[in-house]
Amino acid sequence: KTIACLAMLLDHIAGYMPRTFMNMNETLFMLGDDVINLHVIMRAIGRIAFPIFAFLITEGFEHTRDRKRYGLNLLVFALISEIPWNLVHSGTLFYYKQNVFFNLFLGYTGLCAIEYFKGNRKSMAISLVLLLITSYILKADFGVFGFGYILLLYLIKSQKILMAIISCCVLPSRLIGGMAFIPILMYNGERGFAKARWTKYAFYLFYPLHLFLIFSVRSFLL
C-alpha cells in the first residue's frame, strides 16, 4: 500500500500541478526522440499504482473478516473522496467523472457476486453485467477496464507470474504498469510494518487528503 500511495502521489502531482512546479518540464535527457523530464518520470512511476490497488482489493476480499464492512468502507471513502476529486479536476463541486474508489468498490462487489452466485452462472453473469454497466455510467476512474481488471486478477490470483505477463499486455501503460508486479511478486501474503487496525483507515484517508492538499497548493500558486 505504501508503494502504491507514493506512486499515486507522484502521478497526481505531475498530473494536477502546473508544469512549472518543481521545474517538471525541464529536460533531463533524451531517449531516442523522446524528451524525458520530471513530469514524464513521475507519471511513469504513477502507472504502477492502480495495478497494486487492484491486487490489494482481491487480497482484501480473500482475507477480510467482515466483507460487508470492507465493502461499506470502500463506498464511504468513495463518497468522501468525491469532493476533493471534483475540486482538483474542475475547481468546483461537480465533475462528470467519479474517483477511483468507486471502481474499487464496484470491482469488490463483483468479487462478492462471483463468490455468492458461484453455483448459479446465470445470476452471476447478470450481476456482473449490471455492475459493468454501472461502472460505465458512473465513468469512474479507470472505467470499465478497471472493473474488468480487478475481476481478472481475482480469477488468476494463484498465478502471479501469469498476472504480470497478462498485465504487461492489457494495461494501457504496458510494461511500465506491469512493473507493479515487482513488489507484488515479493508479497508474502502477510501485513507489512503497519499492522495496527487504524493504519487501514490512514491509507483510505490518504486518497482524499492528498487530492485536497494538491488542490490547495495549486490554488495558492495560481
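The values are calculated or read from the model by the stated rules, or taken from the named source; none is laboratory data. Here the structure is a predicted model, which is why all the values come from computation and not from measurement. Cβ placement follows ideal geometry from the backbone for every residue including glycine, while neighbour counts extend to all protein chains displayed. Accessible surface areas use protein heavy atoms only, side chains included; no ligands, DNA or RNA. Shrake-Rupley method; radii C 1.70, N 1.55, O 1.52, S 1.80 Å.
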query: Of these, 13, 41, 36, 45, which one is assigned to a helix (DSSP H, G or I), in contact with a strand residue (DSSP E or B) (Cβ under 8 Å, 6 or more places away or on another chain) and more than 30 Å from residue 129 (Cα to Cα)?
result: 41
- prompt: Is it the case that some residue within region 124-131 is at pLDDT 90 or above, among the polar types (S, T, N, Q) and over 15 Å from the mean Cα position of the chain (by Cα)?
  reply: yes
- prompt: Which condition number does residue 172 fail, the rest of (1) open to solvent by 80 Å² or more (accessible area, probe 1.4 Å); (2) part of a helix (DSSP H, G or I) being met?
  reply: (2)
query: Across region 205-222, which residue is least open to solvent (accessible area, probe 1.4 Å) among those that are farther than 15 Å from residue 79 by Cβ, of a type outside the set (Val, Ile, Thr) and in contact with a helix residue (DSSP H, G or I) (Cβ under 6 Å, 6 or more places away or on another chain)?
result: 210
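Per-residue answers, yes or no, for (1) under 16 Å from residue 105 (Cβ atoms); (2) open to solvent by less than 70 Å² (accessible area, probe 1.4 Å); (3) of a type in the set (Asp, Glu); (4) in contact with a helix residue (DSSP H, G or I) (Cβ under 9 Å, 6 or more places away or on another chain):
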{"residue": "41", "(1), (2), (3), (4)": "no, yes, no, yes"}
{"residue": "47", "(1), (2), (3), (4)": "no, no, no, yes"}
{"residue": "57", "(1), (2), (3), (4)": "yes, yes, no, yes"}
{"residue": "62", "(1), (2), (3), (4)": "no, no, yes, yes"}
message: Among the residues of region 69-105, what is the count of those that are over 19 Å from residue 205 (Cα atoms) and either in a helix (DSSP H, G or I) or open to solvent by less than 70 Å² (accessible area, probe 1.4 Å) (or both)?
response: 4
message: Looking only at region 112-150, count every residue that is among the β-branched types (Val, Ile, Thr) and closer than 22 Å to residue 167 by Cβ and tell me the total.
response: 3
query: Is it the case that some residue within region 150-168 is β-branched (Val, Ile, Thr) and in a loop (DSSP other than H, G, I, E, B)?
result: yes
message: Can you say whether residue 150 is out of contact with any Phe, Trp or Tyr (no Cβ under 7 Å at 6 or more places or on another chain) and either in contact (Cβ under 8 Å) with a residue 40 or more places away in the chain or at positive phi (or both), as far as the supplied structure shows?
response: yes
